[in-house]
Amino acid sequence: MTGRFAQSKGRWLAASLTLLAGVALLQQQLLARRPPRLLAVAVQPLRSGAAALDVTFSRPMDRATVAESPLEPESPHRWLGRQTRMRLLLKSGDPVSGPLRLDLRGRDLRRLPMKPQSLWWDPRPFLLAVAPGDDGERLLMRERDGRWRALMPAQQRILQVEPLGDGSGVAVVGDDAETTQQVLFRRIDQRSLSAVPSGLGDPDLGPLQTLESGSLLFAHLSANQRGDLLIQLGGFEPGSDRIWILEQGSERRRLALEASGALRLLPDGTGLVLPSFDGLALLPLESKQGAAPAQTLPGSREVKAFCSGSGRAVLVRHWPDYRRSVELVIPGRPPRQVWIGEAGVMAAACDNGGERLWLVLREAGQQARDRVLLLDAEGSILLNRSLDNWRLSSGAELDFDPVSDQLLTVVRRPGDDDAGRVALISGRTLDLTVLDQPGVLARWLPAGGAWTGRS
């Protein structure tokens, strides 16, 4: 009896296993015949061209067929990557003046076609400006229709504006009293990517946070394109300096560093530049056992700009004879001097590939006129133009936008008591366009956002 029961149980177990194997085989066949799907698309902030999208598919795709996806209006672009992850990269070329429509299509490696999916993408950044007013200075954002929108309450002064490189937020250092400063952070919910054209629009404002507030000697901010924000604070009491990082807008992490100047995060999120009395040091954000020693660059140097898609950077070096030189730093090579002279280097910028550099120089003397230089990576001057009756405001930067191929800054007329004006400089022609908007500081807020398909 026991033997027959065991035998029956064995046959039942074998039948069950056979059934399960059959079901698994059937599922495998069904999945094998299932066409590929588009899983997700996200704006990629770190790129070597004008703008980029990261595209994720459910199955390995034939890139040649994906590259046939129409892009309207037609813009020079190329597809990179393989398997399930690919990147659409807009080449640096004609400025993008409006939203783009991407009709994604393609076949997987089994030649099965994907159901086409249309997406609308607006890669243009938003212009941020610190505008003076009767109640102090206020951070404004220019919307797509040209109107200005306040992002934060008015401060007596706004000393620094730092947008996150992924477009998900912006931080400011505000000064409400002689010895009181605060760091405010506004979350930004972008609408630069959508499955329907009506889904595009101006960003929605998230919560406003006070990250730091109190009696501070200084506060300095730096952001990378991954969405991290570094906060460097100096107090009046000995040992009160502290440095911490807000990782992708969520988690705080203290950094055990001592710096003699302003820290700068690398655009790709891998490290930071630490100034010291001996020069500049390149440190990783994550300390690993057995890691290579920090890379150092001796001399009196300061970082002026990062060429975010290439790992290159633009430095200004100060010489004992009061001359200044501009250097292009290329990974794995000694710094390349591209300019040297006695003029003051008021600001500098480079494109994402580090192939074009822009300098604003101020000659000494009573006139103190500013001129803009466009150089190539070898240091050859391609264009040299005067700003005529305008010059950069104190503390103004050159902020390059690869989408429109424009540099953003703030200018003012010498001897004019009025506030400065927000201005744009063409990256190709160096033509200056002064906007009606008064401003103290100006920065670009990059486009961002993501789209996720249905499972």
Subset of segment 161-213, residues farther than 30 Å from S260 by Cα, out of contact with any Ser or Thr (no Cβ under 6 Å at 6 or more places or on another chain), outside any strand (DSSP E or B) and in contact (Cβ under 8 Å) with a residue 12 or more places away in the chain, comes to Q190, R191, S192, A195, V196, P197, G199, G201, D202, P203
Restricting attention to segment 227-255, which residues are crowded, with 20+ Cβ neighbours inside 10 Å and closer than 23 Å to L445 by Cβ?
G227, D228, L229, L230, I231, Q232, I245, L246
Log entry, pairs with first residue in segment 396-418 being under 15 Å from R362 (Cα atoms), second being aromatic (F, W, Y) and assigned to a loop (DSSP other than H, G, I, E, B), beta carbons closer than 8 Å, six or more apart or on different chains, reads V411/W390; R412/W390; R413/W390
Quick one: L315 ticks every box in (1) modelled with pLDDT of 95 or more; (2) surrounded by fewer than 17 Cβ atoms within 10 Å (Cβ to Cβ); (3) in contact with a Leu (Cβ under 9 Å, 6 or more places away or on another chain) bar one, so which box is it?
(2)
Reported set for segment 335-349 where residues are open to solvent by 10 Å² or more (accessible area, probe 1.4 Å) and part of a strand (DSSP E or B) is R336, Q337, V338, W339, I340, G341, G344, V345, M346
So which of A368, A347 is more than 24 Å from L89 (Cβ to Cβ) and at pLDDT below 95?
A368
Any residue in segment 348-359 that's without any contact (Cβ under 8 Å) to a residue 60 or more places away in the chain: show its pairings with residues that are polar (S, T, N, Q) and surrounded by fewer than 24 Cβ atoms within 10 Å (Cβ to Cβ) at Cβ separation under 9 Å, as long as the two are six or more apart or on different chains.
C350/S310; G354/S310; E355/S92; E355/S310
Right, G290: among the small types (G, A, S), open to solvent by 60 Å² or more (accessible area, probe 1.4 Å), modelled with pLDDT under 90 and farther than 28 Å from R317 by Cα or not?
yes
Taking A377, is it surrounded by fewer than 20 Cβ atoms within 10 Å (Cβ to Cβ), within 28 Å of the chain's Cα centre (by Cα) and not β-branched (V, I, T)?
yes
Does any residue in segment 214-240 that is under 14 Å from S250 (Cα atoms) come within less than 7 Å, Cβ to Cβ, of a residue that is among the polar types (S, T, N, Q) six or more places away or on a different chain, and which pairs are these?
R226/Q248; G227/S168; G227/Q248; D228/Q248; L230/S222
Of all residues in segment 48-62, how many are open to solvent by 40 Å² or more (accessible area, probe 1.4 Å) and under 27 Å from the mean Cα position of the chain (by Cα)?
2
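The values are calculated or read from the model by the stated rules, or taken from the named source; none is laboratory data. Bear in mind that the values here come from a model prediction, so they are computed numbers and not experimental data. Glycine also receives a Cβ, built like all others from the backbone with ideal geometry; neighbour counts cover every protein chain displayed. Keep in mind that these areas ignore ligands, DNA and RNA; they rest on the heavy atoms of the full protein, side chains included. Shrake-Rupley method; radii C 1.70, N 1.55, O 1.52, S 1.80 Å.
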